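Below is one structure; the comments refer to it alone.
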Amino acid sequence: MITREDLRELSQFRFNENENCAISFYFQPVTPRNKAHREEAILAKDLVRNALRQLAANGNDHCARTDLEKIMTMAERLHGNQARAKAIFAYGRENFWREFDLPPDLPGTQLFLNRRFHLKPMAAMLGVRPHLGVALLDRQRARLFDLRLDELKKEDELTEQVDLFHPISRRGKSDGYAGYDAGHAERRVADDVLHHFRNVASVLKERTEKGIWEQLIVGCQEKNWFDFEPQLHSYVRQRVLGHFSVDVTNASPDEIREWASRVLREAQDHQRHELVREVLSHARGHRRGVTGLRRVLRALQMGEVQTLVMAEDYHAHAVECTSCGYVDSHMVRYCHACGHATLDLEDVCDAVIPMAIRRDIQLFLVKDNPELDSAGNIGALLRFRAERNQPISVAS
């Protein structure tokens, strides 16, 4: 799996501005339509052949030919029945070659030749596969699991770590005179359940504080959730993505995995849409938010941006300075900041996303959001808002 440190290394590269020799290859497995399993290999080889023709037409096929031929050879071994996607980044002039196995969630098999690596598909994966804890509980038992959504084998994704059991006090055969003992028995049972819930909450707090889990999902009957939630420490409660109804004893690993994955997807979709609303609200009030490519680029390059949101399929032209790296949405021949010549960027994301990665800016790709679409399909939440009459200076 790729880490943020790996992405930061890839984002640092910016090669010779006169040559598009940085290779980014993404392989996405799909269900094969026949037993030959040849569709992906054929597609990958076609992409490589097209890239070789493109390089030859530009007269610089020497800079990437060896790496492209290596990818073509590797494509012969790629089959649609494998569980993993793959990403390869190569730059022959510096003998740079990196391979990563990925979850099979890429938009498709693609190959890019550019002055820098194409990182948008990778950046989209950051944060969407956190280390999850899943807690199943009833009135006397709790089962705690680690859920790793990025593991290679499906059966290894869900691992039971803790099984807690707190027996409920046995009730006598009689309620006593006028039902006197019945009230005591009910209170003992309630106390036992409360003690059990508090014990589970304490274990969850300990594991969360140690960093074992980044976020938590709870499975229990609805009536138990209302009694259990108040026992959670506020630190843990902030990390609970949601809960679902389940039979603790009889739930199978596949059922747990399916329900937890559904809660995670719904929580992340909700988070993205709420973030878009927050950005738009701040932008309309001229507070800590901006929308539109021109304003977002300016905020990025002044070091103001905390969180960047853009449509999943966002694409726009821009120019980049060959000297200071300033990115401008206006298609100008000379840099507005330093006066040096600029180069066209076919997709501004190729410059913006590495910039966000290098500066540890949160990045969210949003799908099918009409509000963001009406605001230019890109926006940012700001750490602060600098004075607009200050001269432009490019943040490092």
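The values are calculated or read from the model by the stated rules, or taken from the named source; none is laboratory data. Quick caveat, the model's predicted, so the values are computed rather than measured. Here the Cβ is made from the backbone with ideal geometry for all residues, glycine too, and neighbour counts use every protein chain on show. Ligands, DNA and RNA are stripped out before the accessible areas are found, and what is left, the full protein with its side chains, is counted by its heavy atoms. Shrake-Rupley method; radii C 1.70, N 1.55, O 1.52, S 1.80 Å.
Give all pairs with beta carbons closer than 8 Å in which a residue from the stretch 145-168 that is under 16 Å from Ala85 (Cα atoms) and open to solvent by 50 Å² or more (accessible area, probe 1.4 Å) meets a residue that is modelled with pLDDT under 70 and part of a loop (DSSP other than H, G, I, E, B); count only pairs at least 6 apart in sequence or on separate chains.
Here the result reads Glu151/Glu157; Leu152/Ala83; Lys153/Ala83; Lys154/Ala83, each pair linking the stretch 145-168 to a residue that is modelled with pLDDT under 70 and part of a loop (DSSP other than H, G, I, E, B).
Condition first: outside any helix (DSSP H, G or I) and closer than 16 Å to Val290 by Cβ. Now tell me which residues in the stretch 367-379 satisfy that. Step through it out loud before you land on a result.
Here is the first cut: in the stretch 367-379, the ones outside any helix (DSSP H, G or I) are 367-369, 375-379.
Listed by number, the residues that qualify are Ala375, Gly376, Asn377, Ile378, Gly379.
What number of residues within the stretch 204-237 are farther than 21 Å from Asp163 by Cα, at pLDDT 90 or above and open to solvent by less than 80 Å² (accessible area, probe 1.4 Å)?
The total comes to 1.
Residue check, Gln54 against (1) surrounded by fewer than 17 Cβ atoms within 10 Å (Cβ to Cβ); (2) out of contact with any strand residue (DSSP E or B) (no Cβ under 9 Å at 6 or more places or on another chain); (3) at pLDDT below 85, all met but one. Which one?
Gln54 satisfies every listed condition except (2).
For Gly285, are the conditions met, namely being at pLDDT 90 or above and on the phi > 0 side of the Ramachandran plot? Full working, then the answer.
On the way: at pLDDT 90 or above: yes; on the phi > 0 side of the Ramachandran plot: no.
For Gly285, the condition - at pLDDT 90 or above and on the phi > 0 side of the Ramachandran plot - is not met.
Considering only the stretch 267-324, how many residues are of a type in the set (Ser, Thr, Tyr) and touching a Cys at 6+ places or on another chain (Cβ under 9 Å)?
Step one: list which residues in the stretch 267-324 are of a type in the set (Ser, Thr, Tyr), which gives 281, 291, 307, 314, 322-323.
Cutting the leftovers down to touching a Cys at 6+ places or on another chain (Cβ under 9 Å) gives us 314, 322-323.
Of the residues in the stretch 267-324, 3 are of a type in the set (Ser, Thr, Tyr) and touching a Cys at 6+ places or on another chain (Cβ under 9 Å).
What pairs come out if I take residues in the stretch 239-254 that are within 11 Å of Leu136 (Cβ to Cβ) and pair them with residues that are assigned to a helix (DSSP H, G or I) and open to solvent by 80 Å² or more (accessible area, probe 1.4 Å) whose C-beta lies under 7 Å away, six or more apart or interchain?
Going by the 7 Å Cβ cut-off, the qualifying pairs are Phe244/Trp259; Ser245/Glu222; Val246/Trp259.
Can you name every residue in the stretch 332-353 that is free of Cβ contacts under 8 Å to residues at least 60 places away in the same chain, open to solvent by 20 Å² or more (accessible area, probe 1.4 Å) and not in a loop (DSSP other than H, G, I, E, B)?
Tyr334, Ala341, Thr342, Asp344
Please indicate, with yes or no, whether at least one residue in the stretch 189-203 is closer than 14 Å to Val236 by Cβ and either modelled with pLDDT under 65 or of a type in the set (S, T, N, Q) (or both). Please lay out each step first, then the result.
From the stretch 189-203, those closer than 14 Å to Val236 by Cβ are 197-203; that's our starting set.
Add one more test, that the residue is either modelled with pLDDT under 65 or of a type in the set (S, T, N, Q) (or both), and what stays is 199, 202.
Within the stretch 189-203 (the criterion being closer than 14 Å to Val236 by Cβ and either modelled with pLDDT under 65 or of a type in the set (S, T, N, Q) (or both)), the answer is yes, since at least one residue qualifies.
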